[in-house]
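Taking it in order: structure first as structure tokens, then the write-up.
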Amino acid sequence: MNRFVQVGGPGSKTMLKERLAIAQKVAQEVHEAEAAIDMAIAKLGVLVTSLPEAQAAAKLSSVAGDTAFGHLQAAIGGMFNGRAGLVALHNELASMKDKVGLRHIVVGFGDAGKLLPPSGHLAESDAVAGSRDPEAKAA
């Protein structure tokens, strides 16, 4: 008979519940950061349109706004680099989740990337639905 009962140890249900709660909190924070950076990229996209329109409306030459456009380009590049970093963070955290006993538990909000099979290939019905070939849809 085993006299020792492990309470809250690395493999216990209590520990898994704690880890799940922590993982859910972090997943929410990562999701919010991803949404914020995507919104910032969208706002910069608005500037890409509005700055040349403002320049034309003010009847300024292209030379007058060249430095500003260079700064906008740098800001956009920085945002996309930041977004790539967040995606890498997301993937690394997903990998860590698997290593701490939460492999078969959905953490966060889920997305299409999490729904794809491990092979990364779409199901046949998805491939046909996404096809531009009219005959593939009829098949």
Problem - Candidates 128, 107, 87, filtered to the one that is surrounded by 11 or more Cβ atoms within 10 Å (Cβ to Cβ), of a type in the set (Val, Ile, Thr) and either modelled with pLDDT of 95 or more or not in a helix (DSSP H, G or I) (or both) - result: 107
Fill in the blank from the handout: For segment 10-37, pairs from a residue that is part of a helix (DSSP H, G or I) to a residue that is among the aromatic types (Phe, Trp, Tyr) and at pLDDT below 90, with Cβ under 9 Å and 6 or more apart or across chains, are 27/109; 28/109; 31/109
Exercise for the section: Test residue 138 against the stated conditions and say whether it is closer than 30 Å to residue 16 by Cα, at pLDDT below 95, out of contact with any Gly (no Cβ under 9 Å at 6 or more places or on another chain) and surrounded by fewer than 11 Cβ atoms within 10 Å (Cβ to Cβ). Expected result: no
Handout entry: Conditions (1) under 21 Å from the mean Cα position of the chain (by Cα); (2) at pLDDT 95 or above; (3) not aliphatic (A, V, I, L, M); number of the one not met by residue 95
Key = (2)
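Do we find that residue 115 is among the hydrophobic types (A, V, I, L, M, F, W, C) and at pLDDT 75 or above in this structure? Even if it seems obvious, please write down each step before you answer.
Numbers: among the hydrophobic types (A, V, I, L, M, F, W, C): yes; at pLDDT 75 or above: no.
It is false that residue 115 is among the hydrophobic types (A, V, I, L, M, F, W, C) and at pLDDT 75 or above.
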Exercise for the section: Please find, within segment 48-84, the residue that is surrounded by the most Cβ atoms within 10 Å (Cβ to Cβ) out of those that are polar (S, T, N, Q) and either assigned to a helix (DSSP H, G or I) or touching a Ser or Thr at 6+ places or on another chain (Cβ under 9 Å) (or both). Expected result: 55
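The values are calculated or read from the model by the stated rules, or taken from the named source; none is laboratory data. What you see is a predicted model; the values in this text were computed from it and never measured. Positions of Cβ are backbone-derived with ideal geometry, glycine not excepted, and every protein chain shown enters the neighbour counts.
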